[in-house]
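What follows is one structure encoded as structure tokens, with my remarks underneath.
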Amino acid sequence: MVNKGVVSKDKTKLLLLPGIIVVVVTTQIPFLMTIIYSFLNYNLIRPDLGVSFAGLKNFSRILTDSEFYSVIVNTFYLTGVSLLLCTIVGIAVALLLDGEIPGINFVRTLILAPFFVMTTVTGMIWKTLILDGTFGWSGHISNVLGVNLPDFFSQYPLTSIMLLIVWQWAPFFVLVILAGLQNIPEEIIESSKIDGASWFSTVVKIKIPMLTMHIQVAVMLGLIFIIKEFGLIHTTTAGGPGVLSNNLTYYVFKVVSLGSDVGRGAAIAVVTVILSVTVITLLFNAIQKQKDGQKL
Amino acid sequence: MKKTSLLNSLLLLLFCIMLVACSSNETQEEVTGETEVNSNSEDVTLTIAVGNNPQMPALEKLSKEYTEETGVKVDFALIPENDLRQTLTNHATIGGGQYDIVQIGSYEMAFWADNGWLEDLEPYFEKMSDEELAEYDREDLLPPVKQSLTIDEKQYGLPFYAEASMMYYNTEVFEKAGIEIPTNPTWDEIYEIATQLHDPANNQYGITMRGQPGWGMNGAVFGSMIHAFGSRWVDENWDVQFTKDPNMARAFEMYKKLLVDAGQPNIVSTGYAEASQLFMEGNAAMFYDATSLAEGFNNSESKVYGKFEMGLAPTDVKIDNTGWIWVWALGIDPNSKHKQEAFDFITWATSKEYIERVAEDSGWGTVPPGTRQSTYENKDYMAETPYASDVLNSLNTIKYDEPSVDPVPYVGIQYVGIPEFAEFGTQVSEYLAEYVSGATTLEEALEKSQNAVETAIANGGYK
């Protein structure tokens with residue numbers, strides 16, 4: 001007997017078609033175009049040279065350029081260490097805020113504020129108003145104390161940018177991890193107290209393991225956004241000195257914007273997609289494996 | 001597992017959108033442009049793309065008077081100066097048509113005309129009556145300024161304002177230290193004076209210059225130093241000179257030691273805005289930069305008001321004026337539907353009459369400088385800007401097409417007038433900043449610069 005209220009499986013698939021068409025037209029066709037461009041000699045500011053097939057020239061130029069590898073290392077170093085620091089700060093601050101303290105809601109709002117500041121504004125504020133040796137607060141404070149401050153963005157460009165990323169992103173981690181902490185049933189914490197667990201062992205053995213899912217969500221979202229950081233780099237160091245603070249996003253911008261070289265820009269974009277998807281897939285698989293292990 | 005692959009696909013799509021954004025924005029802007037131009041079939045409305053630099057709001061304001069006089073409306077698209085170059089290049093490469101008039105710098109002028117992206121203005125001048133020609137007075141345009149907008153004896157842009165690079169001196173600091181302001185100093189002399197006047201403990205720096213990477217940032221200062229030291233980017237056969245010419249190494253060394261031993265802190269994050277702020281606040285004894293910044297120092301809010309002088313750019317092997325010249329000009333898009341009206345507007349905006357009108361409106365100290373001899377013959381202008389005769393002298397003695405003591409296959413002083421320069425000039429400016437910050441040695445900086453320029457020259461088919 002056929003149930004009239006149930007649509008057959010084939011027809012259900014048809015319902016997906018409009019969605020698939022929209023996704024393919026808006027994302028896959030431009031991506032295919034990017035792949036096609038990556039095999040062309042196509043420089044916007046040299047119309048006299050025309051557009052011709054370049055074979056693998058654009059890719060070989062990128063892959064034989066030692067700068068490209070330092071940019072990749074920069075990208076993963078910047079993203080990896082920033083995520084680690086964000087997680088540590090996120091857990092620490094969330095633990096501090098997870099309690100019945102007067103005015104806690106106000107404090108939570110204040111802590112979240114840096115996350116809502118635009119990256120370009122963050123860059124300008126830190127570069128000019130805080131870390132500048134002449135106009136910034138640090139300059140005035142160091143003058144009063146008689147201390148010589150380093151030139152942050154020249155001497156430690158990547159570390160300085162990393163600290164700004166942590167300043168901006170740690171609040172997001174705090175928010176997500178705090179939500180996890182507040183979801184831990186009160187009974188579990190109370191039982192651990194009755195069993196004589198110290199504050200430290202409660203945190204390490206009970207709270208953090210129960211927060212794994214929340215930390216993973218924060219890290220995944222953080223990874224997707226921090227790996228393509230642009231505004232902070234553009235406003236503070238412009239990728240310099242040299243390529244010391246270039247990441248892949250900024251590198252693509254420079255090639256396309258300054259060189260107007262569509263072919264090479266597209267080739268870098270293709271390589272970036274391959275690298276990013278590989279890293280994210282590996283990370284996601286690792287998380288999935290861990291989850292499967294927990295279920296067993 | 002299904003969930004895993006679905007998430008993977010979603011992430012892939014997310015990145016695709018991000019990465020292809022660059023190539024898709026041109027098409028969007030083209031569509032917008034057509035709508036704007038087509039909507040004005042009866043009344044003429046000119047669309048003009050300009051940078052958001054200080055002279056432009058005045059032009060926008062006074063253009064309303066032009067509309068009242070002629071009936072031609074003018075729509076302004078104010079684009080951040082840093083984005084102007086890329087935005088206009090994108091429009092030109094897809095056939096243009098959105099803007100009737102574009103603000104263009106002397107660097108782009110060098111190859112935009114060759115690419116057919118600018119209208120030759122000579123036929124329009126030929127159509128002018130004798131009276132109109134006399135009124136516009138092309139002979140009044142300063143020769144080096146006019147020359148930087150002329151290719152094969154055809155002028156492709158009319159100068160709106162122009163600047164040279166000069167050395168600014170804080171007279172108060174020099175007087176206190178009992179040091180005389182040098183006339184036509186060498187870079188070595190500047191270094192000696194700068195180290196004597198350098199007192200960072202009291203926020204007093206010997207010199208301030210652009211240190212932030214970028215061809216228009218530290219690259220502009222260093223580009224003029226390369227030629228001052230008798231070197232050149234490439235020789236007449238397009239052979240790159242970074243590792244081959246010892247004078248190039250001397251220019252690198254001087255730039256670094258000047259800033260490290262006697263310059264501002266935060267060297268590589270100092271652009272022209274930060275450097276001019278330091279000079280304006282009285283924190284720097286000397287400042288090597290563009291003459292157009294003098295207007296900001298010459299008002300009562302500046303701490304160096306009435307306390308600064310300007311001198312020619314320092315020299316070394318090259319003893320003629322080593323300063324750079326930069327012209328912001330107005331040109332016409334060859335695909336504009338209102339080319340004659342556009343020409344009439346740009347002749348008005350670069351005329352003597354316009355300069356006088358700006359003076360009436362906001363004072364002689366604010367008129368667009370550096371374009372016309374008559375501006376510098378005006379008593380009111382000379383009275384309000386005590387540095388004007390030095391600026392005129394600098395502008396008139398710059399040889400834009402002979403930047404180096406040795407022959408070169410390019411034009412431009414702080415840049416090489418070829419399309420590829422924007423990229424390799426920026427790369428060299430980054431290696432310079434890296435060297436200044438101590439992350440690389442001189443040899444490494446020269447080697448990296450050599451490779452970057454050689455690759456660009458080879459790929460561009462110059463050699």
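The values are calculated or read from the model by the stated rules, or taken from the named source; none is laboratory data. Given the structure is predicted, the values throughout are model-derived calculations rather than measurements. Positions of Cβ are backbone-derived with ideal geometry, glycine not excepted, and every protein chain shown enters the neighbour counts.
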Exercise for the section: Keeping to region B:211-230, report how many residues are touching an Asp or Glu at 6+ places or on another chain (Cβ under 7 Å) and buried (at least 24 other Cβ atoms within 10 Å of the Cβ). Expected result: 3
Exercise for the section: Please go through region B:405-445 and pick out each residue that is at the interface with chain A (Cβ under 9 Å from one of its Cβ atoms), more than 20 Å from A:Ile45 (Cα to Cα) and not in a helix (DSSP H, G or I). Expected result: B:Ser437, B:Gly438, B:Ala439, B:Thr440
Exercise for the section: Among the residues of region A:240-296, count how many are of a type in the set (Lys, Arg) and facing chain B (nearest Cβ under 8 Å). Expected result: 1
Exercise for the section: Just name the residue that is nearest to the other protein chains (Cβ to nearest Cβ) out of those in region B:257-268 that are in contact with a strand residue (DSSP E or B) (Cβ under 7 Å, 6 or more places away or on another chain) and of a type outside the set (A, V, I, L, M). Expected result: B:Gln264
Practice task
Can you tell me which residue within region B:293-347, out of those that are among the small types (Gly, Ala, Ser) and not in a loop (DSSP other than H, G, I, E, B), is farthest from the chain's Cα centre (by Cα)?
Solution key: B:Ala342
Handout entry: Of all residues making up region A:43-61, the number that are within 11 Å of chain B (Cβ to nearest Cβ) and in a strand (DSSP E or B)
Key = 1
Fill in the blank from the handout: Filter region B:114-133 for residues that are of a type in the set (A, V, I, L, M, F, W, C) and assigned to a loop (DSSP other than H, G, I, E, B); the one that is farthest from B:Leu330 (Cα to Cα) is B:Met128
Handout entry: Any chance A:Pro157 is touching a residue at least 60 places away in the same chain (Cβ under 8 Å) and out of contact with any helix residue (DSSP H, G or I) (no Cβ under 7 Å at 6 or more places or on another chain)
Key = yes
Fill in the blank from the handout: All conditions in (1) of a type in the set (Phe, Trp, Tyr); (2) under 30 Å from B:Ala433 (Cβ atoms); (3) crowded, with 23+ Cβ neighbours inside 10 Å are true of B:Phe174 except (3)
Exercise for the section: Could you check how many residues of region B:81-108 are outside any helix (DSSP H, G or I), more than 14 Å from the chain's Cα centre (by Cα) and not polar (S, T, N, Q)? Expected result: 8
Completion exercise
B:Trp233: passes all of (1) touching a residue at least 60 places away in the same chain (Cβ under 8 Å); (2) buried (at least 24 other Cβ atoms within 10 Å of the Cβ); (3) more than 23 Å from B:Arg85 (Cβ to Cβ); (4) not aliphatic (A, V, I, L, M) but (3)
Problem - Positions within region B:446-463 being touching a residue at least 40 places away in the same chain (Cβ under 8 Å) and either facing chain A (nearest Cβ under 9 Å) or in a helix (DSSP H, G or I) (or both), in sequence order - result: B:Leu446, B:Glu447, B:Ser449, B:Gln450, B:Val453, B:Glu454, B:Ile457, B:Gly460
Exercise for the section: Report yes if some residue within region B:371-385 is touching a residue at least 24 places away in the same chain (Cβ under 8 Å), in a loop (DSSP other than H, G, I, E, B) and either within 14 Å of chain A (Cβ to nearest Cβ) or crowded, with 17+ Cβ neighbours inside 10 Å (or both); otherwise report no. Expected result: yes
Practice task
Keeping to region B:67-119, report how many residues are among the polar types (S, T, N, Q) and facing chain A (nearest Cβ under 9 Å).
Solution key: 5
Fill in the blank from the handout: Reported set for region A:179-200 where residues are touching a helix residue (DSSP H, G or I) at 6+ places or on another chain (Cβ under 6 Å) and not polar (S, T, N, Q) is A:Gly180, A:Leu181, A:Ile184
Exercise for the section: Answer with yes or no whether B:Phe111 is in a helix (DSSP H, G or I) and farther than 22 Å from B:Gly216 by Cα. Expected result: no
Problem - Lone unmet requirement of (1) surrounded by 16 or more Cβ atoms within 10 Å (Cβ to Cβ); (2) in contact (Cβ under 8 Å) with a residue 60 or more places away in the chain; (3) not hydroxyl-bearing (Ser, Thr, Tyr) for A:Ile206 - result: (2)
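Matching residues to (1) surrounded by fewer than 16 Cβ atoms within 10 Å (Cβ to Cβ); (2) in contact with a Pro (Cβ under 8 Å, 6 or more places away or on another chain):
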position: A:Phe135; (1), (2): no, no
position: A:Gly139; (1), (2): no, yes
position: A:Ile161; (1), (2): no, no
position: A:Leu175; (1), (2): no, no
position: A:Leu181; (1), (2): no, no
position: A:Pro185; (1), (2): yes, no
position: A:Ser198; (1), (2): yes, no
position: A:Met220; (1), (2): no, no
position: A:Thr237; (1), (2): no, yes
Problem - Counted residues, region B:96-124 - those being crowded, with 17+ Cβ neighbours inside 10 Å, modelled with pLDDT of 95 or more and out of contact with any strand residue (DSSP E or B) (no Cβ under 8 Å at 6 or more places or on another chain) - result: 1
Practice task
Could you figure out which of (1) over 21 Å from the mean Cα position of the chain (by Cα); (2) assigned to a strand (DSSP E or B); (3) farther than 19 Å from B:Glu353 by Cα isn't true of B:Ile48?
Solution key: (1)
Completion exercise
B:Met254 meets each of (1) among the hydrophobic types (A, V, I, L, M, F, W, C); (2) away from every other protein chain (no Cβ under 14 Å); (3) crowded, with 23+ Cβ neighbours inside 10 Å with one exception, condition (3)
Problem - Residue in region B:266-278 that is outside any helix (DSSP H, G or I) and either surrounded by fewer than 22 Cβ atoms within 10 Å (Cβ to Cβ) or β-branched (Val, Ile, Thr) (or both) present - result: yes
Handout entry: Extreme residue, nearest to B:Tyr431 (Cα to Cα), among residues of region B:228-270 that are under 23 Å from the mean Cα position of the chain (by Cα) and hydroxyl-bearing (Ser, Thr, Tyr)
Key = B:Tyr255
